[in-house]
1. Somewhere in segment A:241-259, is a residue outside the structural domain of residue A:445 (by TED's automatic domain parsing), more than 26 Å from residue B:39 (Cβ to Cβ) and open to solvent by less than 10 Å² (accessible area, probe 1.4 Å)?
2. Inspect segment B:165-173 for any residue being in a loop (DSSP other than H, G, I, E, B) and at pLDDT below 95 and give the result as yes or no.
3. Considering each residue of segment A:379-406, count those that are under 30 Å from residue A:256 (Cβ atoms) and assigned to a helix (DSSP H, G or I), and give that number.
4. Test each condition in (1) over 23 Å from residue B:116 (Cβ atoms); (2) touching a Cys at 6+ places or on another chain (Cβ under 7 Å) for residue B:268 and report the one that comes out false.
5. So, restricting to helices (runs of 4 or more DSSP H) that lie completely within segment B:35-133, which ones have at least 3 residues that are open to solvent by 10 Å² or more (accessible area, probe 1.4 Å), more than 7 Å from chain A (Cβ to nearest Cβ) and over 26 Å from residue A:254 (Cβ atoms)?
6. Just give me the residues in segment A:100-110 being facing chain B (nearest Cβ under 7 Å) and open to solvent by 10 Å² or more (accessible area, probe 1.4 Å), in sequence order.
7. Please count how many residues of segment B:317-337 are among the polar types (S, T, N, Q) and open to solvent by 10 Å² or more (accessible area, probe 1.4 Å).
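The values are calculated or read from the model by the stated rules, or taken from the named source; none is laboratory data. Quantities reported herein were computed from a predicted structural model and do not represent experimental measurements. Neighbour counts are summed over all protein chains in view; Cβ atoms, including those assigned to glycine, are modelled from backbone coordinates with ideal geometry. Side chains included, ligands, DNA and RNA excluded: accessible areas come from the protein's heavy atoms. Shrake-Rupley method; radii C 1.70, N 1.55, O 1.52, S 1.80 Å.
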Amino acid sequence: MPPRSSDHCAAPLIFEQGALGRANRYVESGKPLETFLPHRLLRDDLPLPDNSELDVVRHFTRLSHRTFGIDTGFYPLGSCTMKYNPRVNDAMANLPGMRDLHPWTDDALAQGALQVMYELERSLSSLFGMAAFSLNPSAGAHAELTALLIAKRYFKELGQTRRDKVIVPDTAHGTNPASAAMCGFKVISLPSDARGRVSLAEIEKVLGDDTAVCMMTNPNTLGLFEDDIRRIAAAVHAVGGLMYYDGANANALMGNARPGDMGFDLMHLNLHKTFTIPHGGGGAGHGPVGVAAHLVEYLPTPVVAWQADPDADPSLAPSDRLRFRLDFDRPKSVGPVRSFWSNFAHAVRALSYIYANGAQGLTKVSQLAVLNANYLRVKIGEFLDIPYDEPCRHEFVASAAGLKKRTGVRALDLAKALLDRGYHAPTIYFPLLVPECLMFEPTETESKETLDGFVAALREIVQTAERDPEAVLAAPVTTVVGRIDETRAARYPNLRWRPRGEALQR
Amino acid sequence: MYTPHTQADIAAMLETIGVASLDDLIRVPDDVALKVPLDIVPALPEYQIARRFAHFAEKNSGARATSFLGAGAYRHYVPPAVAALAMRGEFLTAYTPYQAEVSQGYLQTIYEWQTYICLLTGMDIANASVYDGATALAEGAIMAINETGRTRLLVSRAVNPNYRAVLQTYCSGLDVAIDELPIAADGGTDCSGVAAAVADKNYAAVILQSPNFFGVVDTLPKAAGQAALASETVPIAVIAEAMALGALATPASWDAQIVVGEAQSFGNALAYGGPYVGFIAATEKHLRRIPGRLVGKTVDKHGEPAFTLTLQAREQHIRRERATSNICSNQAHCALIATIYLALLGSTGLRDVAALNLERSRELASAVGGIDGCELRFNGPFFNEFVVRLRRPVEEVLAALRTRHILGGVPLGRFYPEYADSMVMTATELTTTGEIASLTAALKEIMHAPALV
């Protein structure tokens, strides 16, 4: 085992550090609170630690050393699109004119922000073949919920309240059925065929006048293109249902094919995947929801509306000749889905990324994402099973089922051994239909050298497993902690620090 | 852009794959192949991207105006150390910490966030955060609906109207009905009918916001709280201005069992509305109903302390349609910012900021309330904002203030027809005496002018 650095010693909690009165002078000392409010409205105590700024800086710097990010190393996490997050995007979001703008600012004094939202919305609509997008939803799951509320409202308007079934393939992300349940829909799970795709024959068995929405992603979570998609969409439309596109895998499509042209009526994008918004450890995301023309009036409020500015200089860029406003007066809208208008700082980042690429650049992005995935597929196929061994899109799945049978080493163990070699693990055990599944998505921002280095590391792990499985089962050994006791975490939940002597009230 | 491939790389990789060209590799069935030109913004080199966005930022003149806006989003001082730490690449570019062994640092920050929220609200547990205050309210209400099996909610009309509208949107998917508690003369909620309303056990929850949308400290009276608990109706507290928690008694002290809210005030930028960070905290008995991620402290296989995401059997990626919520992400980075902010401020700093909010808002109220034609609408105790009734039409007064580069307040007419003559005004620790003097002078002039702009 390599020597343990100071980062290996458990970091004390912020609550276990500091001393009362060790305060930083960010503001002047306030008067006693009783000056302003009666005692009965005030809190008795405020048991937060007082720490010097230096101690706080060291605390969080130390915690950052115990955290793996894209900036640390290769992150081939399937269905998550962990591509490079360009720093210029953050700089644009942090311009004072963006950062300090209050959401209640009058439209006239927020024209630049509304223009950003307009340009992003128009660009996404063209890129994915939708009539319009709403930038309101905060993340992909939030967008799914919004879209299903739109569908529910649409069917209600049509008087088709019997439509209560949502069809979800077995390869779908877990959010799809969970979102359907939150809208009161019943979920029908659809098995994939031998080619790892949704088959027209299977879907026709479950379609009927109670079909509300069919939720699919294309390419699907096996990284395979649903080549029957037009016929599937036609069958769903024939019974009066709507098609929903889960945009988690949109990084494979840009400039090549559009969900709108495939027959999808509703879709979302994860701008934190395809459009380089940093994941930030699990959020905040940004999940615009797109709709075909017949659903535009149901979009959540507000939407950005625009009109020509008659006073504008004709030499200006087209969007600089428009006046924008937030439109709340939308009688058929499902209503608002969040406190304010969008995760605006993320809209800035996404638009900055689109400017860096343009249409040609985004097309190239998708091409190279597919190239990297296929290169990795072929190289990894030399030593792991590839259950659907055909050209993939932006991601693919491998299986450790054979390896497990021979050696006892599972997908989980390979994942942990990769951590020891400085790589993040792929997604494992998803999609559920592939046993001992490992799902790789390299993204386009990784070089051939990085991919080669990763393949060599994984090959070496598999070879070690064949020879000395115990060595792999012991992984990880170089990380700041070993494998976690998850059972204990769930059985005896310890979800917070408590002040000394404070017992849990039951 | 941001792709490292040389022509030689591409050729070598295509050869390995056994495909002749990139076009062959990405070909899709002809019936879905893209056939129209894309209409998107043009590609620009980075220095011109910076110019383009500087142009957008310049057009946001409201960001440079003197502002008395609040009403759910607040301007507070943020120490530069917050960004210096939060923008470290390890934090910024990490994924959700599913691989716990390489995510101990981030997991610990979430555990610390959960603890801060518990200490501030007086609750036993808190989750790893949700999208924002409005969706926190919706998710908190769904907890109570699922727990009680009841489909009616009793919600104060003084709860932030955006939050109530989002609650309505979420409820429309679940066939849940919402009844309102009226507003009392002092700007608090009229809770006189609560005990009678909850007695027949129809309500899943009774929901109050404190400070409420009018800035008034607004808690459930003891008798109403006891009646709610006796009928197994869950008292839910909404906190839209988390800074108030630095001064006010915890929602636990007025019987709240679920506390939901918005923590933007803790170090997060206004950013025209997002991303912000919602929180959900609750008493221990609601543990299995709480939505979203939870971080727990446990041990590793050597018995050393370690953190991990836990109780994931509640969540969508395990439970699918039977999950407590569809939520997948949390606002981890915004929660990290809040955690760093709270660590820097400490109890002393947070209390000082809260005291300054109380002081400056009283200075503002006293100045505005002293102007002929302006009147404080309510006399309930307030934190950092309050309602002003104007003798002249609100929109005209606000437009006249705008010409003087002042954002005067948030007009109430769109949400409360009965208060169409009023607006919410806010002062924080950043509001200066000079700004209040400019506003006062402008308002005096406007209220006395023979005709407005």
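1. The first filter runs over segment A:241-259 and keeps only residues outside the structural domain of residue A:445 (by TED's automatic domain parsing), leaving A:241-259.
Next, from what is left, pick out any that are more than 26 Å from residue B:39 (Cβ to Cβ): A:241.
If we keep only those that are open to solvent by less than 10 Å² (accessible area, probe 1.4 Å) as well, we get A:241.
Yes, the conditions are met somewhere in segment A:241-259.
2. Residues of segment B:165-173 in a loop (DSSP other than H, G, I, E, B): B:173.
From the residues that got through so far, the ones that are at pLDDT below 95 too are B:173.
Yes, segment B:165-173 contains a residue that is in a loop (DSSP other than H, G, I, E, B) and at pLDDT below 95.
3. The initial filter retains those residues of segment A:379-406 that are under 30 Å from residue A:256 (Cβ atoms), namely A:379-382, A:384-399.
Checking which are assigned to a helix (DSSP H, G or I) leaves us with A:379-380.
Residues in segment A:379-406 being under 30 Å from residue A:256 (Cβ atoms) and assigned to a helix (DSSP H, G or I): 2 in total.
4. Here residue B:268 meets the rest and fails (1).
5. Helices (runs of 4 or more DSSP H) meeting the threshold: B:80-86.
6. Scanning segment A:100-110 gives A:100, A:104, A:106, A:109.
7. Of the residues in segment B:317-337, 2 are among the polar types (S, T, N, Q) and open to solvent by 10 Å² or more (accessible area, probe 1.4 Å).
This table checks each residue for (1) touching a helix residue (DSSP H, G or I) at 6+ places or on another chain (Cβ under 6 Å); (2) more than 11 Å from chain A (Cβ to nearest Cβ); (3) open to solvent by less than 10 Å² (accessible area, probe 1.4 Å).
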| residue | (1), (2), (3) |
| --- | --- |
| B:354 | yes, no, yes |
| B:378 | no, yes, no |
| B:388 | yes, yes, yes |
| B:413 | no, yes, no |
| B:435 | no, yes, no |
| B:444 | no, yes, no |
| B:448 | no, yes, no |
